[in-house]
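For reference, the structure discussed in these notes is given below.
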Amino acid sequence: MTFYSKLEQHYQKLSRLAHLNAICGWDQAAMMPEGGNQARSEAMAELAVMHHEQATAPELADWFAQAERETLTAEQVTSLKEMKRSWQINNLLPTDLVEEKSLAGSKCEHAWRSQRAANSWHEFSLNLKKVVELARREAQIRAEATGLSRYDALLDLYEPGMTTAELDKLFSEVKSWLPSLIHQVREKQGTEKVSTPAGPFPIEQQKSLSVDVMSKLGFDFHHGRLDVSVHPFCGGVPTDVRITTRYDENDFTSALMGVVHETGHARYEQGLPAKWRGLPIGEARSMGIHESQSLFFEMQLARSEPFMEILAPLAAEAFDRSNDSALSSANLTLLNTRVKPGFIRVDADEVTYPAHVILRYEIERDLIEGHIEVADIPELWDKKMTEYLGLSTKGNYTDGCMQDIHWTDGSFGYFPSYTLGAMYAAQFMAAIRKEMNVDNLIRERNLQPIFNWLDKHIWKKASSVSTDKLLIEATGERLNAEHFRNHLVERYLKS
């Protein structure tokens, strides 16, 4: 057996351990009774340690050195490169830190569920301090090994190749035009008459509608399912994708658009090439590319006027309201493209959404670099929300700095992926529109050519090329944020 083959077998074994951890995490969030958290946290920490020990096995160094001397195909060379990158990432952290991070994250996330509802920042901050302390330790270790800054070292885990310098430039540009755009759109929409569909919308009927829409978007229910959790997410593995949402009986659109968003993530996972399954080369390229797929589905497709012509009759049938003018395609289009600054990121419209991401990025960047402490977060959050969106969160931790799940488990460096994803999605759609009439395809209920383009240019590429190369091959250029701005102007000011 070649050393390359040994490495393939080893990483497929690691993938199976990650599979178990993913399903345990889904169950913890969606199904597990409250009393099971301590035992589950310990079990997942044990699993994390097992995975880490295998990912850093001493013999791997020699296997990589031997494999690099073997005659490999171009595909195997790329695969070996991705395996080695994964090994280097895992090999930097000592086992005790991996275990501490898992335990602290599970404790913080579980307590957050009730602490957020109780607006208890003080109690939450006690757990968060430990998570931040461990994240800083990790960042320092990775920074020393890579020569990157502490925050860049964490950012590289989610968006390889991206840097704080580039993000600062991108986000500064967005901040230069976003406030004006929000104002112009709000002014324009002030003259539009929009009806809010009146509830209640029974949860079972909402779920039925969600499943129907997921099916039309190509979700494979033979390899996935839909459930409920406090915070919507897409998890699991490509052959067993788990989507969750949260329902509001007074507003069916929130859960539905959340489901569409997570379906974009799921289609990416389900579309990853089977030939590379279990190997790093077969995983999603980056979290920014992952978010580009969820935002492509939600923002580029589902909130478009043509798609609302599909959705409207489905909603009218699901809720037995064929004569409800609030469920007309014209009204739903207006309703689902309303721009209004709000407190909650996951409920934000696509125009104000970047402000939520930039705020979080700036805080977590300075938190990891040690420029601020956990105690500073509420005041900074309120200051930036007031500056960027004209809203104060003073004393309102539930709808302010406690609303997200990401920091509870130390996922610092993740937030920029959301706005990068929106930029990527707009660039992908601009490229697709050059090849086909997207609006006509949607109106004809023929989404397959669009999905085929995504499958060819993104899903089947997995991690076989860099983000830059993926963009260039798919669209002819590197990331160009002007496509995102053009999309917003076209949809919100010219339509």
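The values are calculated or read from the model by the stated rules, or taken from the named source; none is laboratory data. Everything quoted here is computed from the prediction, not taken from an experiment. Quick reminder, even Gly has a Cβ in these numbers, built from the backbone with ideal geometry, and neighbours come from all protein chains shown.
Some observations on this one:
- Checking each residue in the range 414-435 for being under 12 Å from the mean Cα position of the chain (by Cα) and either hydrophobic (A, V, I, L, M, F, W, C) or not in a helix (DSSP H, G or I) (or both) picks out Tyr414, Phe415, Leu420, Ala422.
- Only residues that are out of contact with any Gly (no Cβ under 8 Å at 6 or more places or on another chain) and under 16 Å from Gln28 (Cβ atoms) were counted in the range 226-236, giving 7.
- Given (1) part of a helix (DSSP H, G or I); (2) surrounded by 15 or more Cβ atoms within 10 Å (Cβ to Cβ), index of the condition Asp168 fails: (2)
- Neighbours by Cβ (under 9 Å, 6+ apart or cross-chain): first from the range 30-58, within 19 Å of His19 (Cα to Cα); second among the basic types (Lys, Arg) and surrounded by fewer than 16 Cβ atoms within 10 Å (Cβ to Cβ): Gln54/Lys13
- Residue that is modelled with pLDDT of 95 or more, assigned by TED's automatic domain parsing to the domain that holds Leu178, basic (Lys, Arg) and within 26 Å of the chain's Cα centre (by Cα), where the choices are Arg360, Arg345: Arg360
- So Leu154, is it within 18 Å of the chain's Cα centre (by Cα) and either assigned by TED's automatic domain parsing to the domain that holds Asp366 or at pLDDT 95 or above (or both): yes
- Qualifying residue in the range 15-34 (condition: of a type in the set (Phe, Trp, Tyr), out of contact with any strand residue (DSSP E or B) (no Cβ under 8 Å at 6 or more places or on another chain) and under 28 Å from Ser229 (Cβ atoms)): no
- When the range 251-293 is filtered for residues that are in contact (Cβ under 8 Å) with a residue 60 or more places away in the chain, among the acidic types (Asp, Glu) and surrounded by fewer than 24 Cβ atoms within 10 Å (Cβ to Cβ), only Glu283 remains.
- Selection count where residues are assigned to a helix (DSSP H, G or I) and at pLDDT below 95, scope the range 1-15: 0
- Taking the range 440-480 as the range and being part of a helix (DSSP H, G or I) and hydrophobic (A, V, I, L, M, F, W, C) as the test, the residues that pass are Leu441, Ile442, Ile450, Phe451, Trp453, Leu454, Trp459, Leu470, Leu471, Ile472, Ala474.
- Search result, residues across the range 197-242 that are at pLDDT 95 or above, within 22 Å of Leu314 (Cβ to Cβ), surrounded by fewer than 17 Cβ atoms within 10 Å (Cβ to Cβ) and β-branched (Val, Ile, Thr): Ile203, Val211
- When the range 89-143 is filtered for residues that are under 23 Å from His51 (Cβ atoms) and either of a type in the set (Asp, Glu) or outside the structural domain of Leu47 (by TED's automatic domain parsing) (or both), the ones remaining, listed by number, are Asp96, Glu99, Glu100, Glu109, Glu133, Glu138.
- Identity of the residue in the range 366-376, in contact with a Ser or Thr (Cβ under 8 Å, 6 or more places away or on another chain) and farther than 15 Å from Glu138 by Cβ, that ends up surrounded by the most Cβ atoms within 10 Å (Cβ to Cβ): Val374
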